[in-house]
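Every read-out reported here was derived from the displayed coordinates using simple, explicitly stated rules and does not represent laboratory data. Everything numeric in this text was worked out from a predicted model, so none of it was measured. In this analysis, Cβ positions are derived from the backbone assuming ideal geometry, glycine residues included, and neighbour counts consider all displayed protein chains.
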Amino acid sequence: MSAAASLPGEPKEWEKLSDYRHARLCTEMFFGSRDPHTQTVPEYDATAGLVAVETTWTPAAFTAVREIFDNALDELVKHGQGDRLEIGVNPRTMEVTVTDNGRGVPINFDETEQNYAATVLLSNTKSGRNFGKHRGESRGMNGVGASIVNFCSAYFDLDIDRDRKHFEQRFHEADEHVADPPMIFPATGRKTGTTIRFKLSELVFPRMSLPANFLAARVYEIALCYPSLKVFYNGKRIVVKTVEAALFPERKPISFAINADGFDSRFWLSHDFMKDGSEYVYSLVNAIPVFEGGTHIDAFRRGFYSGMLTGLARESRRRKLAPNRGDMSDGLLIYNITQMTMATFGGQAKMRLINENVAKIIGREMDDPEFFRKVIRDNPEWISAIYRRCEDRTQKKDQADVAKINKAAKRKRVEGLEDACGNDRSKCICFLTEGLSAVSGIIEARNSEIHGALPLSGKPMNVRDVALREIVENEALMKVVNALGLSIGQRANRHTLRYGKVFLTMDADPDGLNITALMVNFFYTLWPELFDPEKPPFINVFETPLIIAVKGKQRKYWYADNYLDFDPDRFTGYDITRAKGLAALKRADWIWVLANPKVIPIVDDGKLADALKLLFDQGKGAADARKEWIGM
């Protein structure tokens, strides 16, 4: 004898369990988890319709109860025998009764098994009626459901009316399964059907939780899926006129039907359903709640969101926004009822559909652009909400990106800035000039304690209705921002700015005037607080002479406001310069204009916003409004 063999009387290192003991010990492999599970599931209210409620239940206990529902439904729906299903649940004792008026489970005595067919079918694993050519049409395809429920129950009673006989048998829990001898009586009339009464064992389910509302909702779903059946729950009939009326009594959902050979699926969608902004998806396959969805749900969501994004492409371009799947799924309910043959589930608990072929069916059926165009046309409020969420999301992301760019930019040296060096920055003036020549003139003549200068690069961007991200990516404007100590997307604090004033210094020609207006638009759009009329002017237009008369050491200047007063006959012997460009100013001229600054302060007089809107709005009708203002 080998050293590993057991001696008589010694405990064995292994054991063989009966089907009964194995089912009670390893219940998870048949019915799923015996630990309480919490998830949001539907309940159904006569007035409000579908209500999503967070519920805790024991998955294995529910699967066991549902197996008996499914057996009755196979008889009524698959085999088409009978039209009545009665379900009773005592929420206090958790005793369950399921009655159908089908043909009744076979009760004949089987010579091979030397037992009654009903006894074999309901108390022996791997026995059933769903192993033939129509196996794929049934809910239970493994021949273990009802018998395992029997094994896991404190008691399991069977009442059958068939062939003008009444069959009764009772099963009990013990160390091994106990079956009372069946009793068979002659019956009058033509009544047929099966009644199963059982109570799940507390020894098998020590943490059993099956809330009454949870079970009532699951029975209600049977009536939703099979409106032609007479479904009763605790003695009261459940009447469902239409799914839409039952689920959405106060709103019209989006609906989508997919039909193929052996596959009939209907989806209902309702936006703004979940107030917490989450997407909620729920599906029934052959009246079985697949709490974890499945391949059909995954395929539908892919096809729906992809089709919607394609359908919105033109509108997205018009709005200059890019909505994503999250913008559409926010608060969205997707409710599905599917009837199909050969439904394959991930495990006996049937929490998820795993048929791969349904993804191809759904993908093919959803390839219809007109459906999505109709959804978009018929749901303008939802579409507006999608774009609002997209805009909010984009702004938040842009603000985060802008904050990073602002922070990084402040550490960089501003190229081209001839900075003032005074410690009292409130007295410092930054000249924003058109071109390098003006900066050169200012630097030669300036008081370096208070005068700084920065040349503008090209024509400034019109920032009206432009995303902040586009602005921070504009190098020319960011030089101005960093030179002044401003931050894109943040209010301006005068006490922390690097300059107390800005002088816009441009050529006195149409281009210069355009650049000045664009810069005022830039500052007002991002920092309107800098134009507060109750505070010292921050943005100023710095004027330079249009006419310079020079004779020896004498220099005389005429500006735009007294330009017409200039009489050349009175200044014979003077060199006359018409200085429309800043480049015409000499060092002596810059010394004079800096010492005698002539500025036009730009403050908000209550009309500034409207003026800038008229000038720079790019929306529909803006060009016509400008033409009318000009008088064209």
- Query: Each label point is 7 Å from the Cα along the Cα-to-Cβ direction; what then is the distance between the points at residue 14 and residue 356, in nm?
  - Reply: 3.4 nm
- Item | Order of 479, 459 under a 10 Å beta carbon neighbour criterion, fewest first | 459, 479
- Note on the structure: Env charge @ residue 257, Cβ radius under 13 Å, K,R +1 / D,E -1, value -3
- Item | Principal-axis tilt of helix 295-311 within the chain, Cα atoms, nearest 10 degrees | 30 degrees
- Translational diffusion coefficient, Stokes-Einstein: compute it for the stretch 251-394 using the Kirkwood radius over C-alpha pairs as Rh, at 25 °C and 0.890 mPa s, and state it as an integer in µm² s⁻¹. 155 µm²/s
- Message: As a footprinting exposure proxy, order 614, 332 by other Cβ within 10 Å, with the fewest listed first.
- Response: 614, 332
- Item | Residue pairs, from the table 397/459; 165/199; 535/607, whose Cα atoms sit over 24 Å apart | 397/459; 165/199
- Task: Determine the calculated [θ] at 222 nm for the chain from helices alone, applying -39500 (n - 2.57) to every DSSP H run no shorter than 4 residues and normalising by the residue count; nearest 500 deg cm²/dmol.
- Result: -9500 deg cm²/dmol
- Label point 7 Å beyond Cα of residue 46 along Cβ direction - residues of the stretch 220-254 with amide nitrogen under 18 Å: 220-221, 223-224, 231-243, 245-250
- Task: Kindly express, to the nearest 10 degrees and within the range 0 to 90, the angle between helix 436-445's C-alpha long axis and the longest C-alpha principal axis of the chain.
- Result: 50 degrees
- Query: Where the convex hull is taken over the Cα atoms of the stretch 3-118, what is its projected area averaged over directions, in nm²?
  - Reply: 14.0 nm²
- Rounded to whole Å, sorted largest first: equivalent-ellipsoid semi-axes of the stretch 329-482, Cα gyration tensor: 62, 18, 13
- Express the Stokes-Einstein translational diffusion coefficient of the stretch 19-242 in µm² s⁻¹, to the nearest whole number, given a Kirkwood radius over alpha-carbon pairs, 10 °C and a viscosity of 1.306 mPa s. 88 µm²/s
- Message: Relative contact order for the stretch 507-632: what percent, with Cα pairs under 8 Å and sequence separation of 6 or more?
- Response: 29 percent
- Item | the stretch 19-242: relative contact order in percent, alpha carbon pairs under 8 Å with at least 6 residues between | 24 percent
- May I ask you to derive the relative contact order of the chain, considering only C-alpha pairs under 8 Å and at least 6 residues apart, and to give it as an integer percent? 9 percent
- Excluding residues fewer than 8 positions from residue 396 in its own chain, the lysines with Cα under 28 Å of it are 275, 320, 404, 407, 410, 412, 479, 613, 620
- Note on the structure: The lysines whose Cα lies under 18 Å from the Cα of residue 586, excluding any fewer than 8 residues away in the same chain, are 551, 553, 556, 598
- Net charge near residue 512, counting Lys/Arg +1 and Asp/Glu -1 over other residues with Cβ under 15 Å of its Cβ? -2
- By the Cα gyration tensor axes a ≥ b ≥ c (a/c under 1.5 gives rounded; else a/b larger than b/c gives prolate, otherwise oblate), the shape of the stretch 504-552 is oblate
- Over the Cα atoms of the stretch 499-614, Rg to Rh with Kirkwood Rh, two decimal places? 1.05
- Item | Sparse-neighbourhood loop sites, GluC sites (Glu not before Pro) in the stretch 511-618 - DSSP loop, at most 15 other Cβ within 10 angstrom | 534
- Query: Residues with beta-carbon under 9 Å from that of residue 434, excluding residue 434: net charge, scoring Lys, Arg +1 and Asp, Glu -1?
  - Reply: -2
- Query: Which FRET efficiency value, to the nearest 0.05, do you get for residue 370 and residue 626 by plugging their Cβ-Cβ distance into 1/(1 + (r/R0)^6) with R0 = 35 Å?
  - Reply: 0.30
- Query: How do 341, 63, 310 line up, fewest other C-beta atoms within 10 Å first?
  - Reply: 310, 341, 63
- the chain: angle of helix 212-225 to the longest principal axis, Cα-based, in degrees nearest 10: 90 degrees
